[in-house]
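The values are calculated or read from the model by the stated rules, or taken from the named source; none is laboratory data. Please read all numbers here as calculations on a predicted model, not as lab measurements. Counting neighbours? That spans all protein chains shown, and the Cβs are built from the backbone with ideal geometry, glycine included.
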Amino acid sequence: MSTNIVSTFEEQLKNKDLTISTAAILSFAAYVDSINPTTISELNHLLDEAKSELLDHAKNVLGWDNSISLVSLRSGCEIFIRNITRGVNDGNINECLKNVKARSESFSRLSLNNRSDIARKGKLYIRDGMTILTHGVSRVVHELFANCKDYKRLHILVTAGGLERDGVRVANDLQRMGIHTTLIPDSGVGYFMHTVNLVVLGAEAVAETGGIFNKLGSFQIGVMAKSFNIPVYVATEAYKFTRMYPLSQKNVPNSVKDQELIKRVRPAELDAAVEFASVRCDYLPPEYITFLITDLGVLTPYSVSDELTKLYN
C-alpha cells in the first residue's frame, strides 16, 4: 500500500527545523519507497499525480495559492523528481525502480545535511573581525554563523523584521551562541551601512535569473549595499532553484489572499478606515548579489540558469 503523500507532508511540516522544500522531499522519498510500478510510464504517472495532489492540497487546504510557500513546495517537488528519474529509460523496470529508490534515499539524506555543507563552504568567505548585516529568518544563515563562532570574532547586525519583529528571535539566538549581536530598526539600515563589511541573506526561493525571493526589505538592503560597494552573499540550498523569470516586483508570488499576515501585523491603533498593506517577500535582482553559497558550490547569480539547464535538459 502506497504512503499518503499529503498526510506525510503535513506531519513533516510539524518539524519547524525543516524548510517547506525539505518537507516535500522527505514526503516524496517516503512515497517513492512505498510504490511498486510495473512500467516506467506508470512510475512517471505516479510521481506526477503525487506532485499534483500535494500542490492542490497546498493551494486549496493550506491556502498557499500564489504564495512564496507554494513556489518553495513546487521547486522541492520538481527538483526531487528530476534528480531521481534523470537517465531512467524503458529498461528492466525492477532495475530502474531499484536505482530510483536508491537515488531517492540519497537525495533525501543530502537534503537534511546540505545546511552544514553550505556553512562549511560559506565560512571560508567570512573574515575575522567582520561586521555583518543580516535580514530575515534563515536556517542556513544561522548555521553559517554558528559554524564561524568558535573561530572568528563577528559582530552581527540584525534587522528587527518590520511589524512581524522576527529579527528579535534571530538576535536572541545569535547572542545566546556567544556572537556579538546588535538589533537595528529596518529603517536604520542606511544609517548603519557604513559600519558593515558584508551582507548575508537567506532565500525563500532562487529565480532562474539568479535573483532571490526573500523577506520584504531584502531589495532595499541590496540596493543600499551596492551603493556602499558592500558585497551581498546569499546562503541557500540548491533545491530552492526555481524556473521563474521575474522582471519586477509585480512578479513576486505574494498571495492577495494572505489575510492571515495582514491580520497578524496590522497595528491595533490604526483606524479601521485606513487601508493596510503588507507582503511577505520582495525580489532582489541578480545585479545586487555577489555570490550564492549553495550545496553545489559558490556560484555567481548568472550560474543559476546553467544549473537549471543541466537539471532539466
**Message:** So Ser75 passes all but one of these: (1) farther than 30 Å from Met224 by Cβ; (2) assigned by TED's automatic domain parsing to the domain that holds Glu42; (3) modelled with pLDDT of 85 or more. Which condition number does it fail?
**Reply:** (1)
**Fill in**
Expected single match for at pLDDT 90 or above, in a helix (DSSP H, G or I) and under 24 Å from Arg120 (Cα atoms) among Glu307, Glu287 is Glu307
**Prompt:** Does the range 277-287 contain at least one residue that is buried (at least 19 other Cβ atoms within 10 Å of the Cβ) and of a type in the set (A, V, I, L, M, F, W, C)?
**Reply:** yes
**Message:** Taking the condition of being buried (at least 24 other Cβ atoms within 10 Å of the Cβ) and of a type in the set (Gly, Ala, Ser), how many residues in the range 127-137 meet it?
**Reply:** 1
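Consider Glu42 carefully, then state whether it is assigned to a helix (DSSP H, G or I), under 27 Å from Ala205 (Cβ atoms) and of a type in the set (D, E, K, R). Let's see the steps before the verdict.
Numbers: assigned to a helix (DSSP H, G or I): yes; under 27 Å from Ala205 (Cβ atoms): no; of a type in the set (D, E, K, R): yes.
When the stated conditions are applied, Glu42 does not pass them.
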**Item:** Those residues of the range 18-39 which are part of a helix (DSSP H, G or I), touching a residue at least 60 places away in the same chain (Cβ under 8 Å) and crowded, with 19+ Cβ neighbours inside 10 Å, in sequence order
**Value:** Ser21, Thr22, Ile25, Leu26, Phe28, Ala29, Val32
**Request:** Looking only at the range 201-255, count how many residues are surrounded by fewer than 23 Cβ atoms within 10 Å (Cβ to Cβ), of a type in the set (S, T, N, Q), modelled with pLDDT of 95 or more and assigned to a helix (DSSP H, G or I).
**Result:** 2
**Fill in**
All-but-one check, Glu49 against (1) free of Cβ contacts under 8 Å to residues at least 12 places away in the same chain; (2) among the acidic types (Asp, Glu); (3) within 20 Å of Asn313 (Cβ to Cβ), failing number (3)
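Residue-wise test of (1) out of contact with any His (no Cβ under 8 Å at 6 or more places or on another chain); (2) among the β-branched types (Val, Ile, Thr); (3) farther than 22 Å from Val170 by Cβ.
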{"residue": "Glu204", "(1), (2), (3)": "yes, no, no"}
{"residue": "Ser218", "(1), (2), (3)": "no, no, no"}
{"residue": "Asn251", "(1), (2), (3)": "yes, no, yes"}
{"residue": "Glu275", "(1), (2), (3)": "yes, no, yes"}
{"residue": "Val279", "(1), (2), (3)": "yes, yes, no"}
{"residue": "Tyr288", "(1), (2), (3)": "yes, no, no"}
{"residue": "Thr294", "(1), (2), (3)": "yes, yes, no"}
